[in-house]
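The structure appears below as C-alpha cells.
What follows draws every value from the coordinates through simple rules; no lab data is involved. Being a predicted model, the structure only gives us computed values, none of them experimental. Methodologically, a virtual Cβ is constructed for each residue, glycine included, from the backbone with ideal geometry; neighbour enumeration extends over all protein chains shown.
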Amino acid sequence: MKSKIEILKSQALAALKAAKSDAEVRDLEVKYLGRNGLFNDIMKSLKDLSDEEKRTVGKLANETKTELEAAVQKKYAELEMYAFDVIADKEWMDVTVPGKKPDVGHRHLISKFIDDLEVVFGRMGFAVAEGPDIETEHYNFDQLNMPADHPSRDMQDTFWVKNLKRMVLRTHTSPVQIRHMESHKPPVRVISLGKTFRKDSDATHSPMFHQIEGLMVDTDISIANLKAVLTHLLQQVFEDPSIKTRFRTSYFPFVEPGMEVDCTCPICHGEGKLADNVPCKLCKQCGWLEIGGAGMVHPKVLENVGYDSKKYTGFAFGFGVDRMVMIRHRVNHLRLLFENDLRFIDQF
Ligand SMILES: [Zn+2]
C-alpha cells in the first residue's frame, strides 16, 4: 500500500511538472485529489487494513495528499507568473523614451490673418458684419451707385449666376455694408471680410480672393479719421510702428472723393533699398506699396439706405487680404496661397 502511495505521488508530481496550463492542472487535481480521485480510492481501501497499518498508511496518505495539494497551488502560482512574463515580454515599453507628438495642423495663413484683422479692428470698436457670397445685382451694384448703364461696372469682371436672374458672385464685400446700414442707424462702425469673385487670373489675381472692407458713419467723420484708422491698422498687421500711409486721388463710384491707399514698404521701411544698398524687390525700390482703395462714402449711397447725407458723413475702404498676407509673409506668388501644398503651408 505504501509503495502504491509513493508511485501515485511521483506520477502526480511528474504530471504537474509537465502541465502547461491551468486547465491541465485542474484536470490533474480532479484525477488525483478529487472526490472520486485516486487518493480517495486509497483512503477508502484503508478500512481493509489492520489498525496498525491504518495508522501508518493513513498518516502517509494524508501527508502525501497535503503535499500534493500544496504542489497544485504552487503550480497555479507558477503558471500565473509565467503568463505575466509573456505579457510583459510582448507589451514591453520603455517609459523613459520621449513621446512622439501627433501631427497637428494649424490654421491657414489667410484665416490666421483674417483673425488678426478682426482683433485689430475690434480694439478700435469695429464689429464684424456678414453677408451672402451670392448677391443680387441690387446690393452688389445698384445700391453702391453703380446702376446698370454705369461705365464703372466694367471695372469689375463679374461672374453672373446662370439661371438665377440678376444674381452675381459678389465682386466685393461692399454689399455687406449696404445690408448693414439698411438695418442699423448711425453711428456705424463695421468691417466685412470674406471671399469675393472676379474673372481675373494671373500671378497677382485669382478668380476668388479675400477682401476686407471697413465702414464708419457718424456726424463729423472726415478723411483724418480714415487716415488714422488705416495707419494704425497697417502698423499693427505688418508689425511695424514706423509705417506711414498716403492717399492718391482715384475713382470708385461709391465714394467721393475716392483714393488709392499706399503705405511705406515694411521691408525697406520706405527706403527702397535694404542694408548694403540691395534694391528692395517688394516695393520695386519706390518705398511704397499699393494696398487698396478708400474714400468718403458717396452721399447717394447714404441716401440709398435712408441716411441723411446732410447730417452724416462716413468713410469706407477696401483692401485685398491676400495681397496683405503676401506682403506680411514675403510670398511672391498669389497661387501659393490657394494650392494647399503642405510643403508651403507648413512653413508658417
Ligand atoms: Zn521696399
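Mind giving me the FRET efficiency for Ala77 and Lys112? R0 is 35 Å, r the Cβ-Cβ distance, nearest 0.05 is fine. It would help to have the intermediate numbers written out before the result.
On the way: r = 61 Å, r/R0 = 1.76.
My answer for the efficiency is 0.05.
Using 7 Å Cα-to-Cβ label points, what is the Glu339/Ser242 separation (nm, one decimal)?
Output for this residue pair reads 3.4 nm.
Of the candidates Gly258, Gly295, Gly58, which one comes out as most mobile in a Gaussian network treatment of the chain with C-alpha springs shorter than 10 Å?
Maximum among the listed residues: Gly58.
Assign one of three labels to segment 155-234, namely rounded, prolate or oblate, based on the Cα gyration tensor with a ≥ b ≥ c the square roots of its eigenvalues; rounded applies when a/c is under 1.5, prolate when it is not and a/b is larger than b/c, and oblate otherwise.
Since a/c reaches 1.5 but b/c is at least a/b, the shape of segment 155-234 is classed as oblate.
Hey, with R₀ at 45 Å, roughly what FRET efficiency would Lys44 and Trp92 work out to, going by the Cβ-Cβ distance, to 0.05?
0.30
What does the charge add up to near Thr66, with Lys and Arg as +1, Asp and Glu as -1, over the other residues with Cβ less than 12 Å from its Cβ?
Residues near Thr66 contribute 0 overall.
From the phi angles alone, apply the Karplus equation (6.51, -1.76, 1.60; θ = phi - 60°) to segment 337-342 and give each ³J(HN,Hα) in whole Hz, x where the residue is Gly or Pro.
Calculated HN-Hα couplings, in order: 6, 10, 7, 6, 7, 5 Hz.
What value, in deg cm²/dmol to 500, does the helix sum -39500 (n - 2.57) over DSSP H runs of n ≥ 4 give at 222 nm once divided by the residues of the chain?
That comes out to -12500 deg cm²/dmol.
Cysteines without a disulfide-compatible partner in the chain, using Cβ under 4.7 Å as the rule?
Cys263, Cys286
Could you pull out every residue, at least 5 positions away or on a different chain, whose amide H is within less than 5 Å of the one on Gly292? Hs are placed 1.01 Å off N in the peptide plane, and Pro or chain starts have none.
Val261
Would you list, by chain and number, the lysines whose Cα falls below 23 Å from the Cα of Lys284, excluding same-chain residues fewer than 8 positions away?
Leaving aside lysines fewer than 8 places away in the same chain, those within reach of Lys284 are Lys244, Lys273.
Which whole-number percent gives the relative contact order of segment 219-348, counting Cα pairs below 8 Å spaced six or more residues apart?
22 percent
Under 28 Å Cα-Cα from Lys31, which lysines qualify once same-chain neighbours fewer than 8 residues away are excluded?
Lys2, Lys4, Lys9, Lys17, Lys20, Lys44, Lys47, Lys54, Lys59, Lys65, Lys74, Lys75
Applying a 10 Å radius around every beta-carbon, put 165-173, 82-90 in order of their mean neighbour count, most first.
165-173, 82-90
So how far, in whole Å, is the C-alpha centre of segment 245-259 from the one of segment 11-54?
Taking the Cα centre of each part, segment 245-259 and segment 11-54 sit 108 Å apart.
Any chance you could check the Cα centroid distance between segment 263-302 and segment 83-149 for me, in angstrom?
So the separation of the two Cα centres works out to 29 Å.
Could you work out the relative contact order of the chain, using alpha carbon pairs under 8 angstrom and six or more residues apart, expressed as a whole percent?
Value for the chain: 13 percent.
Quick one: Kirkwood hydrodynamic radius for the chain, alpha-carbon pairs, angstrom, one decimal?
27.2 Å
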